[in-house]
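Here's the structure we're looking at; comments come further down.
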Amino acid sequence: MHNNQPIGIFDSGIGGTSIWAAIHHLLPNEKTVYLADSKNAPYGQKSKAEIIALSIKNTELLLSMGCKLIVVACNTATTNAIQELRAKYSVPFIGIEPAIKPAATHSKTQTIGILATQGTLNSELFNRTTEKFQNTKIIEQIGHGLVQLIESGKIDSPEMTQLLHSYLSPMIEANIDFLVLGCSHYPYLIPQIKKIISDNIHIIDSGEAVAKQTQNILREKVGFSLAENNDPIFYTNTNPKVISAILENNYEVIEKDF
């Protein structure tokens, strides 16, 4: 089964490019369209109704571009809106949520840390997931200010270092051995985080798992692309230089009002 239509990906900004990169690495023949809704970032501080409305807006735009599958590359949008999206549209959706299961399953200290947005940690889906692992101590931390700094290009700033120290120190003192990154922006902080935590603490993000699930859905339901022109397209509703700076190649970034 073949289908040359693009894969659509959206996030509340540039963070989901970490998910895009994992998908592009695993499925280099697939054309991708990425929406960076940076104008409305972060989603984590918005109400459930607002998050659903923004997710519908992004989905409608991707569907208008002929996308055959949509990846919700945002933890907050997944945990708050993916059920509504799946009920409303026939296209397959792939979500992203904190990888609690592998962390809790493999933890030797039975203590794990989760750094995520307020919207993710407060969601019903997150709470249902954590309830399954009552034998594991889960230390939750809202990453106040992290997304804003990343969106401003201040990943290596003193402010970022200070925030990460304040968020991670209690986790280190509690003897976590796994740190789950519960926001698609946060993988860009891994070099900074590694300077703070010990080598004994494993960092888990969801990029590879989402890429593999995308491959599975293409194989089972949608079809792989045979197209030769598969250059990705990135759309942003703020300054294109922000997303261009985080992408390694000279990919096309288009400023668009959405």
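If we keep just the residues of the stretch 133-147 that are open to solvent by 50 Å² or more (accessible area, probe 1.4 Å) and among the polar types (S, T, N, Q), which is nearest to the chain's Cα centre (by Cα)? The residue in question is Gln134. Within the option set Ile23, Ile96, Ile112, Ile51, being aliphatic (A, V, I, L, M) and more than 27 Å from Ser152 (Cβ to Cβ) holds for one residue only, Ile112.
With respect to Thr238, is the statement that it is of a type outside the set (Asp, Glu) and in contact with a Ser or Thr (Cβ under 6 Å, 6 or more places away or on another chain) true? First the steps, then the outcome.
Working: of a type outside the set (Asp, Glu): yes; in contact with a Ser or Thr (Cβ under 6 Å, 6 or more places away or on another chain): yes.
So Thr238 passes the test.
Considering only residues in the stretch 84-102 that are at pLDDT 95 or above and part of a helix (DSSP H, G or I), the one that is farthest from Phe133 (Cα to Cα) turns out to be Lys88.
Can you tell me which residue is nearest to Tyr43 (Cα to Cα) among those in the stretch 130-172 that are of a type in the set (Ser, Thr, Tyr) and in a loop (DSSP other than H, G, I, E, B)?
Step one: filter the stretch 130-172 for residues of a type in the set (Ser, Thr, Tyr), giving 130, 136, 152, 157, 161, 166-167, 169.
Now drop any that are not in a loop (DSSP other than H, G, I, E, B), which leaves 136, 152, 157.
Working: Thr136: 28, Ser152: 16, Ser157: 22 Å.
Once the filter is applied, the top-ranked residue is Ser152.
Here the condition is being more than 16 Å from Gly182 (Cα to Cα) and open to solvent by less than 10 Å² (accessible area, probe 1.4 Å); of Leu115, Leu85, it holds for Leu85 alone.
Can you give me the number of residues within the stretch 209-258 that are under 18 Å from His185 (Cβ atoms) and of a type in the set (S, T, N, Q)?
Taking the stretch 209-258 and keeping what is under 18 Å from His185 (Cβ atoms), we get 209-211, 234-248, 253.
Still in the running and of a type in the set (S, T, N, Q): 236-239, 244.
Adding up the residues that qualify gives 5.
In the stretch 207-218, of all residues being touching a helix residue (DSSP H, G or I) at 6+ places or on another chain (Cβ under 7 Å) and buried (at least 16 other Cβ atoms within 10 Å of the Cβ), the one that is nearest to Pro6 (Cα to Cα) corresponds to Thr214.
Quick check on Ser18: is it at pLDDT 95 or above and either open to solvent by 10 Å² or more (accessible area, probe 1.4 Å) or part of a loop (DSSP other than H, G, I, E, B) (or both)? No.
Scan the stretch 219-258 for residues that are of a type outside the set (A, V, I, L, M, F, W, C) and open to solvent by 90 Å² or more (accessible area, probe 1.4 Å) and jot them down. First the steps, then the outcome.
First, pick out the residues of the stretch 219-258 that are of a type outside the set (A, V, I, L, M, F, W, C): 219-221, 223, 225, 228-232, 235-241, 244, 248-252, 255-257.
Matches in the stretch 219-258: Arg219, Glu220, Lys221, Glu228, Asn229, Asp231, Lys241, Glu248, Asn250, Glu252, Glu255, Asp257.
Give the residue, chosen from Asp177, Asp156, Asp199, that is farther than 23 Å from Thr17 by Cα and either within 17 Å of the chain's Cα centre (by Cα) or at pLDDT below 95 (or both). Before you say what the answer is, go through the steps one by one.
Details: Asp177 fails: either within 17 Å of the chain's Cα centre (by Cα) or at pLDDT below 95 (or both); Asp156 fails: farther than 23 Å from Thr17 by Cα.
When all the criteria are applied, what remains is Asp199.
Per this entry, Ile150 is not counted among residues that are open to solvent by less than 70 Å² (accessible area, probe 1.4 Å), β-branched (Val, Ile, Thr) and within 22 Å of Ile172 (Cα to Cα). Taking every residue in the stretch 173-191 that is in a loop (DSSP other than H, G, I, E, B) and open to solvent by 20 Å² or more (accessible area, probe 1.4 Å) and pairing it with any residue that is polar (S, T, N, Q) and at pLDDT 95 or above, at least 6 positions away or on another chain, the pairs with Cβ-Cβ distances below 9 Å are Ala174/Thr109; Ala174/Thr111; Asn175/Thr109; Asn175/Thr111.
If I filter the stretch 211-223 for residues that are at pLDDT 90 or above, among the small types (Gly, Ala, Ser) and within 15 Å of Val71 (Cβ to Cβ), do I get at least one hit? Outline the logic, then answer.
In the first step, residues of the stretch 211-223 are kept if they are at pLDDT 90 or above; the result is 211-223.
Next cut, among the small types (Gly, Ala, Ser) only: 211, 223.
Within this subset, residues satisfying the condition of being within 15 Å of Val71 (Cβ to Cβ) are 211.
Checked the stretch 211-223: at least one residue is at pLDDT 90 or above, among the small types (Gly, Ala, Ser) and within 15 Å of Val71 (Cβ to Cβ).
The values are calculated or read from the model by the stated rules, or taken from the named source; none is laboratory data. The structure presented is a predicted model; accordingly, all values stated were derived computationally and were not measured. Ideal geometry is used to build each Cβ from the backbone, glycine not excepted, and the neighbour counts take in all protein chains shown. Only protein heavy atoms, including side chains, enter the accessible area calculation; ligands, DNA and RNA are left aside. Shrake-Rupley method; radii C 1.70, N 1.55, O 1.52, S 1.80 Å.
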